[in-house]
There are 2 protein chains.
Amino acid sequence: MEQQQISAYLLKNGIRPLQKRVKIMSYLVSKRNHPTVDMIYGDLIHEINGLSKTTIYNVLNLFVQSGVALALNIEGNEVRYDADTSTHGHFKCKICTGVIDFRIRQEELPRPTLEGFRIDEQHYYIKGVCSFCANKIEA
Amino acid sequence: MEQQQISAYLLKNGIRPLQKRVKIMSYLVSKRNHPTVDMIYGDLIHEINGLSKTTIYNVLNLFVQSGVALALNIEGNEVRYDADTSTHGHFKCKICTGVIDFRIRQEELPRPTLEGFRIDEQHYYIKGVCSFCANKIEA
DNA sequence: GTGTTTTTTGTAATGATTACAAAATTACTA
DNA sequence: TAGTAATTTTGTAATCATTACAAAAAACAC
């Protein structure tokens, strides 16, 4: 996605498309690696002059509140961010620590009987060992 | 569950049933309120003489490693603990911050096609507003 | 009981996140 | 286009949860 499209997308969701916001969203969308704040900072510090980690926190919090990003809480000591807000699950490998998406359709997720409850977000994640790391262990 | 049963349960899972461990597990099992470390500490400090918060961290980490408790990561800034290790989902209310269980059968959870992956844990949680808080908002 | 191992404790260290006020940027208007 | 007001970013300091670590206490073995 180009910067123009990202700007329009942010604007449509009530976010003024300022330079750093666009770059951060652009990073999330192109990388799709469910980064932590530190990963984003480490990568973008070279690209954006005078970027502060506080800004990344500010912008990501804004993104989550505005619904253009999800905060993933898989491990207690790290929050990861995902610009894909459609229904999907996450797998976290205990060995390489990477997080990957897996497709699930909305209808596949069990709909518990929660009478009178308002459901805002559904999260489904799996922990284990990915195939790449599993092969390395065997070998 | 009585202390005797808890002791036997811990022992069966390779955990020496020391006094404080039994009391902490007993608390988890009887309350079923998915407490944070602070909640446990606040409640048990009156009951157990000279209890340290570090001990609670130690014991809970041991419980999770031994498989007699789950660490729930629903919100990025808090870890909650659950002595119910069977398959079930969690609902967190944004208003009252409470976490409640909902029943789901293992077979209901979608099984994504993750060829060669080893699955250790499956987590499904929902965020929203519980019926009690929803009623209060309406009124 | 005495000595050894394990557990608990308490303080200090760490690491992620937020608060806050100053500086910089952006938007608005004449 | 310059000046002004509002918003955003920055950087440091504060906060909060969690872990490290060594000493004290408890549990265990003989």
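The values are calculated or read from the model by the stated rules, or taken from the named source; none is laboratory data. Everything quoted here is computed from the prediction, not taken from an experiment. Backbone-built Cβ (ideal geometry, glycine too); neighbour counts: all protein chains shown. Note: areas computed on protein heavy atoms with side chains; ligands, DNA, RNA excluded. Shrake-Rupley method; radii C 1.70, N 1.55, O 1.52, S 1.80 Å.
From the alpha carbon centroid of region B:81-117 to that of region A:2-55 is 32 Å. Please build a GNM for chain A, connecting alpha carbons under 10 Å apart, and tell me which residue among A:Ile104, A:Ile74, A:Ile40 fluctuates the most. Top of the fluctuation ranking is A:Ile104.
Annotation: amide H of A:Lys94 within the under-5 Å range of A:Gly128, A:Val129, A:Cys130, sequence separation 5 or more or interchain, hydrogens built in the peptide plane. Sorted from shortest to longest, the distances between the B:Gln106 label points of this copy and the other copies are 3.0 nm, with each point 7 Å from Cα along the line through the beta carbon. Placing a label point 7 Å from Cα along the Cα-to-Cβ axis, B:Lys136 is separated from the same position in the other copies by 4.9 nm, shortest listed first. In this structure region A:3-82 gives 53 Å² per residue of accessible area when probed at 1.4 Å with all protein chains present.
Mean-square fluctuations from a GNM of chain A, with a 10 angstrom spring cutoff on Cα atoms, peak among A:Arg21, A:Arg111, A:Arg103 at A:Arg111. Result for chain B in a Gaussian network model with C-alpha springs under 10 Å: among B:Val129, B:Val22, B:Val99, the largest mean-square fluctuation is at B:Val129. Summing both sides, the accessible surface hidden between A and B at a 1.4 Å probe radius is close to 3000 Å².
Residues of region B:115-137 that bury at least 40 Å² of accessible area once all protein chains are present, compared with their chain alone (1.4 Å probe, heavy atoms only, ligands and nucleic acids left out), are B:Phe117, B:Arg118, B:Asp120, B:Glu121, B:His123, B:Tyr124, B:Tyr125, B:Ile126, B:Lys127, B:Val129, B:Ser131. Sequence-ordered 3J(HN,Hα) estimates for region B:58-66 from the Karplus curve with 6.51, -1.76 and 1.60 and θ = phi - 60° stand at 4, 5, 5, 4, 4, 4, 5, 4, 7 Hz, glycine and proline given as x. Using just its DSSP H runs of length 4 or more, each adding -39500 (n - 2.57), the protein assembly as shown gives a mean residue ellipticity at 222 nm of -11500 deg cm²/dmol after division by all residues.
Distance between the 7 Å Cα→Cβ label points at B:Ile119 and B:Val64: 2.2 nm.
Could you tell me what percent of the accessible area of the protein assembly as shown is made up of carbon and sulfur, with a 1.4 Å probe and every protein chain present? Roughly 48 percent of what the probe reaches on the protein assembly as shown is carbon or sulfur. Given R0 = 41 Å, the distance between the Cβ atoms of B:Ile100 and A:Ala139 translates into a calculated FRET efficiency of 0.40. Placing unit charges on the Cβ atoms of the charged side chains and taking the dipole of region B:3-82 about its Cα centre, the candidate lying farthest along the positive direction among B:Leu11, B:Gly42, B:Val79 is B:Leu11. Sparsely packed loop sites in region A:104-139 (the trypsin sites (Lys or Arg not before Pro) outside DSSP H, G, I, E and B with at most 15 other Cβ atoms within 10 Å) comprise A:Arg105.
Backbone geometry of region A:105-120 corresponds, through the Karplus equation with coefficients 6.51, -1.76 and 1.60 at θ = phi - 60°, to 3J(HN,Hα) couplings of 7, 3, 6, 6, 6, x, 9, x, 7, 10, 4, x, 8, 9, 9, 9 Hz, x marking Gly and Pro.
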